[in-house]
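Input: a single structure, listed below in structure tokens.
The values are calculated or read from the model by the stated rules, or taken from the named source; none is laboratory data. Owing to the predicted nature of the structure, the values given are computational and were not obtained by experimental measurement. Quick reminder, even Gly has a Cβ in these numbers, built from the backbone with ideal geometry, and neighbours come from all protein chains shown. Heavy atoms of the whole protein, side chains included, go into the accessibility calculation; ligands, DNA and RNA do not. Shrake-Rupley method; radii C 1.70, N 1.55, O 1.52, S 1.80 Å.
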Amino acid sequence: MIKKYDVCVIGLGYIGLPTASIFATKGKSVLGVDVVPSVVDTINQGKIHIQEPDLDILVRAAVQSGNLKAATIPAPADTFIIAVPTPFQHGNEQHLPDLSYVEAATRSLAKVVQPGNLIVLESTSPVGTTEQIQGWLLDELGPTAKADDYHFAHCPERILPGQMLRELVTNDRIVGGVTEVAAKKAKELYETFCSAEIFVSDARTAEMAKLTENSFRDVNIAFANELSLICDELGIDVWQLIRLANRHPRVNILRPGPGVGGHCIAVDPWFIVAAAPAQARLIRTAREVNNSKPLHVVDNVKKKASRFRDPVIACLGLAFKADVDDIRESPAIEIVKHLAQEKVGRLLAVEPNIQKLPAILENQVTLTGAEEAIHAADIILVLVDHRQFKSLPRRLFDERVVIDTRGLWS
Ligand code: SAJ
């Protein structure tokens, strides 16, 4: 007889893996599914293929308990959780969402779902996607399938890379059901490990809530980034400016940087823009301001580099933000890539969280240690405020041109 799991999680990435593991450590029998066989093998050995503090301990405990198994295809379960990527389509101006992974994951469930199952979409998705997965599944099941037999809900993930395991437990959650029964079932499921409040809503509101949270942050970072552009123009120290303005009791400006990266904030606002282009003017502009920042940094480096005959540039950090190894949509990578393409100087890259340069930078950039790079550099370009960089002695930076996009000491 085929084993029936309590939970089957489709997609074992940054969200699916911690979610599957935490359910397993809370006593649920869990099957984690990923299309990449090496990922499945790694997890079945109790190891991890991504970096996140303490995730290795959680996965090892989950696998050793016998409650977490990984496979490349789904198996019957009471609940299915879809946690696959939802990028936008590259190569078109509107940044339309690419739901192909969600669709493929949903259709793959047709062979194993049974009436009464709960299907939860965790992937950040455009409004209407949860209803759409219901449509895809019923379509795949054929004309005899009844919509009422399956329960569909959206429960967007909200965890912050670098603090995922704590936030998985302590963050409030929103569950939105296509029906009230689905929402209630999803709430009960997440109560297994979530110690915070779980708010119930409909699926469309839950989808929009997630997009709203990340757009809120994007708009606020864009404000900080726009200020940094204005300050460059006016010769004002943006860090001091923000420090002073934030002494007002109702002002809390975020930090400017080289741009906004990662797979969430740089992507999700486009889902709102694509759905309501005429109304989402501020959200679109924020995306444009944040997207323009890397090229502004490149221009700045070029100006400074023109003073040297054969400049050596130490680029500190490639990750999309501090203290993570994730380089997806990283503004630092974009900046270094442009500097390499335009042959602005000899480029040394320092990224303590990766062992190997991404293919896009190979043969153009040398990956090296911080002190070595700084020692050799004419220009030091701070792209990420990793804790290793903050603890470097400041005297190392003396007598160098320093372009600090992160306000390392501010
Ligand atoms: N950044 C700045 N200035 C700031 C804050 C951030 O330039 O003041 C940059 C970061 O360097 C990075 C980008 O923005 O490049 C995004 O970083 P982040 O720490 O703001 O967010 P993420 O992408 O790591 O995680 C976000 C979180 N969303 C919100 O805070 C509203 C997280 O809770 C979500 O779960 C996650 O997106 C997601 O998966 O959607």
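Computed about its Cα centre, the charge dipole of the stretch 257-410 is approximately 420 debye, with only Lys, Arg, Asp and Glu carrying charge at their Cβ.
In square angstrom, what is the accessible area per residue of the chain with a 1.4 angstrom probe?
Working: 19250 Å² over 410 residues.
On a per-residue basis, 47 Å².
Within a straight-line Cα-Cα reach of under 19 Å, K303 can be paired with the following aspartates and glutamates, leaving aside sequence neighbours fewer than 8 residues apart in one chain: D232, E233, D237, E334, E342, D378, E399, D404. Only the Cβ atoms of Lys and Arg (+1) and of Asp and Glu (-1) were treated as charged; on that basis the dipole of the chain about its Cα centre amounts to roughly 640 debye. Here D237 and E167 are evaluated by their C-beta separation; at R0 = 30 Å the FRET efficiency comes out at 0.35.
Ranking Q364, H375, A153 by Cα position along the charge dipole of the chain, where only Lys, Arg, Asp and Glu carry charges on their C-beta atoms, puts H375 farthest toward the positive end.
In the structure shown, the pairs K47/K184; K4/K69; K210/K293 are assessed against 22 Å; a Cα-Cα span above that value is assigned to K47/K184; K210/K293.
State to the nearest 20 debye the size of the charge dipole of the stretch 1-96 about its Cα centre, where the only charges are +1 on K and R beta carbons and -1 on D and E beta carbons. Please report the intermediate quantities before stating the final value.
Details: 7 positive and 8 negative charges, 84 e Å.
Roughly 400 debye for the stretch 1-96.
Judged by the gyration tensor of its Cα atoms, with axes a ≥ b ≥ c, the stretch 288-410 is rounded; a/c sits under the 1.5 cut.
From its DSSP helices (H runs of at least four residues, each -39,500 (n - 2.57)), the chain gives a residue-normalised ellipticity at 222 nm of -12000 deg cm²/dmol. Averaging the sequence gap over all C-alpha pairs within less than 8 Å and six or more residues apart, then dividing by the number of residues, gives the chain a relative contact order of 11 percent. Using the Karplus relation 6.51 cos²θ - 1.76 cosθ + 1.60 with θ = phi - 60°, the per-residue 3J(HN,Hα) values for the stretch 4-17 come to 9, 8, 6, 9, 10, 9, 9, x, 10, x, 4, 9, x, 5 Hz, with x marking Gly and Pro. When the chain is described by a simple charge dipole with +1 on each Lys and Arg Cβ and -1 on each Asp and Glu Cβ, the residue from P294, T192, S391 located farthest towards its positive end is S391. For the stretch 186-295, the residue among L241, V267, S201 whose Cα projects farthest onto the positive side of the dipole built from Cβ charges is L241.
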